[in-house]
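In what follows, a single structure is set out as structure tokens and then discussed.
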């Protein structure tokens, strides 16, 4: 009896093939030696042995459906990229056309400007979730970037080079997908995803502090230029 975790079909298939190889090799050796001891020559014995019978019990994705494997992970990756791209563009546009200078003169708080951009975008994100959820898996695979591959969702992270593992740990989607698998597939609890929540919190706080610092620098520069023009 063999229990196989098919939440990740890649590792499940590798494990199944390895088990079959081990069983076949072990069984062949035992059967051949047994037949030889009964007086049968080696060539005949190699043709007469019977393989072990193995019964597999598949958990979490018993049908081996790649849609169940790929769709949630790709969807989460695409949504993260849409959010990152959108939030980046809302600031980039204001900086390029000079409108940020006007905003900086009205309020000098970096947190204020971040919330000014983030709150409307958060509301729009819920609509985008519905739109992306209606797309086909093939379309999502085209939109997705290598961050999905580095996340370890399909190919095991432990099998990647050490440097790649460290880079993957800095990508939010890596921890998101690990948490999703524990909750959505393994039916775990919040306690089970504590390491992922901790990692995401560290990334969020670090990025928030950097964002506040960058926006604050932009505000100071905008006000300094305004004062210089006023002085002239």
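No value in this document is a laboratory result; all are computed from the given coordinates. The structure displayed is predicted, hence computed values, not measured ones. So basically every Cβ, Gly included, is an ideal-geometry build from the backbone, and we count neighbours across all protein chains shown.
With the highest mean first, a sort of the peptides 155-162, 100-107 on other beta-carbon atoms found within 10 angstrom per residue produces 100-107, 155-162. What separates the Cα centres of region 204-223 and region 146-201 is a distance of 28 Å. For the pair residue 93 and residue 207, what calculated FRET efficiency results from E = 1/(1 + (r/R0)^6), where r is the Cβ-Cβ distance and R0 = 30 Å, to the nearest 0.05? Plugging the Cβ-Cβ distance into 1/(1 + (r/R0)^6) gives 0.90.
Taking each residue as 0.36 nm, the span from residue 220 to residue 114 lengthens on full extension beyond its C-alpha to C-alpha distance by 36.6 nm. Note on residue 81 and residue 25: their simple-model spin labels are 4.0 nm apart, each label 7 Å out from Cα toward Cβ. The distance between label points at residue 38 and residue 186 comes to 4.6 nm (points 7 Å beyond Cα on the Cα→Cβ vector).
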